[in-house]
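**Q** The following block contains the structure, expressed as structure tokens.
No lab work stands behind these numbers, since they all come straight from the coordinates. These figures come from a predicted structure and were not determined experimentally. Methodologically, a virtual Cβ is constructed for each residue, glycine included, from the backbone with ideal geometry; neighbour enumeration extends over all protein chains shown.
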Amino acid sequence: MDKPNEPSVALLSPGESAAAPDSQRLSAWDVVREAIRGSRRDYTTGPISRAVIFLAIPMVLEMSMESIFVVVDMFFVGRLGPYAQATVALTESLITIVYAIAIGLSIGVTAMVARRIGERDPAGAAKAAAQAIWLGFGFAALLGVLGAVLAPRLLAAMGADADVLQRGVGYTRVLLGGNASVMLLFLINAIFRGAGDAAIAMRALWLGNAFNILLGPCFIFGLGPFPELGVMGAAVATTTGRAIGALYAFSRLLKPGARVRLDRSHARPDARVMWRLIRLSASGTLQIFIGVASWIGLIRILSTFGSQALAGYAIGLRVILFALLPSWGLSNAAATMVGQSLGARSPERGEKAVWIAARYNLYFLTAIGLVFLVLAPQIAGLFSKDLEVQRYAVACLRIVALGFPAYAYGMVITQSFNGAGDTWTPTMLNLFIFWLWEIPLGWFLAKPAGFGPTGIFISIAIAYVSLAGVSALLFKRGRWKRTVV
């Protein structure tokens, strides 16, 4: 029983039974503390909303840390001028290829690990995890060599001006050449999310961010014994921070008692499991590539309006990512619930979890959208003193924020398809919504319709609304419940 006068929270949704063994009331502090420390609960039984919250709290904090990587870099780089901000914007568009592969593999390994955990097969989960790490190493090595060598040509192809090519190419070389830190951090954290050990993934991002925040100004401005590297210093700090986080996360896979534990028997590549993972991840990688590469198309249109428009868009996009990445934590919680529920042969439980997570995400993103509408000028002013850059950043924040309530549902539902192993449905959604709808609409509004950069921002908000409506219709059909992983 609760202590007298102690605040508590039932964490039950309408229709959930309070008689379940796991349904004792907990104080809000108890919930947060258990989630951050790492809950050992079985997420295939008990109250659904409670399971979503225990998974979501560390996942939201993890994604918040991921977004801080982005915002910290832009904050310090903003002191170097528009050329540096443009360099970061163009490079981030290029590194979306790395993100696409890393997240695509993460989709596959999360789905496979979650399904095996739901089936009570930890050995199968560990084998899938090991093969994902091998694949991550291979892709990172290939992309690292190509990115470091071709960095100048890639920037030029993206429309970089002479100043960016001369002073910013080092930033691009370091980030692309050191992409293994991104790849492995994403993959290993995906393993923990699929297993339900989201708190470990959260701590890895905390550690990586601490080093990024400490090292960023040191390498950029040459503080103390550190060399002054300018914009390239931001890339050095970020790569170092991510690498430290990835090493910490990997060490936890070797710890006895972990839900997914690697040992010597997993060191050898297994072609059969690896091929299954590749097939599952291939469409996931294509899905993410289609989605994130759409930003390349938009930024290519935007680059024709000059460096100030590009810098303003970069600021707006970075701040938007800061808001959206925590929401991906709720989306990942829903995906884990779906995967484990299907493994436990309880698809209805996974479906209920999706709608609960989507509702929570609606509350969160609506609040963030209101903050952007009211405080956009103040937010933009934190990252640039250039009034023209601020003007574009404010327009980006306010217009895109109008689509946040709809996107709250779209992002949770599409990620839930992935948790089920149905990676083709969100792939097709991304193709039609972002490439065949958002980019042509953005070009039309920006060029023939005469809205300029504002037209790009309007097309993003409209795409968010479109994704929510179509994904909800497909999810209700229920084909994802029959996916085999």
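**Q** Would you be so kind as to identify which of CYS218, ALA141, TYR407 lies farthest towards the positive end of the dipole of the chain, taking Lys and Arg as +1 and Asp and Glu as -1 on Cβ and the Cα centre as origin?
**A** Towards the positive end, the residue furthest out is ALA141.
**Q** Here's a follow-up. Can you list residues whose amide H is under 5 Å from LEU26's amide H, if they're 5+ apart or on another chain and H is modeled 1.01 Å from N?
**A** Hits under the 5 Å cutoff: VAL9.
**Q** If each DSSP helix of 4+ residues adds -39,500 (n - 2.57) and the sum is divided by the residues in the chain, what number results at 222 nm, nearest 500 deg cm²/dmol?
**A** Computed mean residue ellipticity for the chain: -26000 deg cm²/dmol.
**Q** If the chain between ARG272 and VAL484 were fully stretched, how many nm would it gain, using 0.36 nm times the residue separation less the Cα-Cα distance?
**A** Additional length available on full extension: 74.7 nm.
**Q** Moving on. Any chance you could count the Lys pairs in the chain whose alpha carbons are under 28 Å apart, treating pairs 8 or more apart or on different chains as valid?
**A** 5
**Q** Here is a further query. Report Rg (one decimal) and Dmax (nearest whole number) for the stretch 89-159, counting Cα atoms only, units Å.
**A** In order Rg, Dmax, the Cα atoms of the stretch 89-159 give 16.2, 51 Å.
**Q** If we count every other residue with Cβ under 15 angstrom of PRO256's Cβ, Lys/Arg +1 and Asp/Glu -1, where does the sum land?
**A** With Lys, Arg at +1 and Asp, Glu at -1, the neighbours total +4.
**Q** What residues from the stretch 177-198 fall in the zone where the backbone N is under 14 Å from a label point 7 Å along the Cα-to-C-beta line of ALA148?
**A** 177-181
**Q** Taking θ as phi - 60°, what are the ³J(HN,Hα) couplings along the stretch 236-251 by the Karplus curve (6.51, -1.76, 1.60), each to the nearest whole Hz, with x for Gly and Pro?
**A** Listing the rounded values in order: 4, 5, 5, 5, 5, x, 5, 4, 5, x, 5, 5, 4, 4, 4, 4 Hz.
**Q** Taking the dipole about the Cα centre of the chain, with the C-beta of Lys and Arg at +1 and of Asp and Glu at -1, give me whichever of ALA204, SER39, PHE457 is farthest to the positive side.
**A** SER39
**Q** Please give the net charge around ALA129, taking every other residue with its beta carbon less than 10 angstrom from that of ALA129, where Lys and Arg add +1 and Asp and Glu add -1.
**A** +3
**Q** Quick one: P(r) of the chain from all Cα-Cα pairs, 10 Å bins, percents rounded to integers, in order of increasing distance.
**A** Going out from 0 Å in 10 Å bins, the chain shows 4, 20, 31, 27, 14, 4, 0 percent.
**Q** Further question on the same structure: Quick one: what do you get for the stretch 340-462 if you divide its Cα Rg by 2.2 N^0.38 Å?
**A** The value comes to 1.31.
**Q** Now, a different point. About the Cα centre of the stretch 179-325, what is the dipole size in debye to 20, counting +1 per Lys and Arg Cβ and -1 per Asp and Glu Cβ, all else neutral?
**A** 640
**Q** For a quick check: with amide H placed at 1.01 Å from N, whose amide H comes under 5 Å from ALA258's, ignoring anything fewer than 5 positions away on the same chain?
**A** The answer is none.
**Q** If you don't mind, there's one more thing I want to ask. How much of the pair distance distribution for the stretch 304-346 lies past 13 Å, counting alpha-carbon pairs only, in percent?
**A** Distances greater than 13 Å cover 66 percent of the Cα pairs.
**Q** Starting at the first residue of the stretch 53-62, write each ³J(HN,Hα) from the Karplus equation 6.51 cos²θ - 1.76 cosθ + 1.60 with θ = phi - 60°, in whole Hz, x for Gly and Pro.
**A** Karplus values, whole Hz, x for Gly and Pro: 5, 4, 6, 6, 4, x, 5, 5, 5, 4.
**Q** A follow-up question, please. For the Cα atoms of the chain, what angle does the longest principal axis make with the long axis of helix 271-302, in degrees from 0 to 90, nearest 10?
**A** Once rounded, one gets 40 degrees.
**Q** Compute the semi-axes of the equivalent ellipsoid of the stretch 194-338, taking the square root of 5 times each eigenvalue of the Cα gyration tensor, and list them largest first in whole Å.
**A** 32, 25, 16
**Q** Quick one: length gained pulling TRP29 to LEU373 fully straight, 0.36 nm per residue minus the C-alpha distance?
**A** Length gained, TRP29 through LEU373: 120.7 nm.
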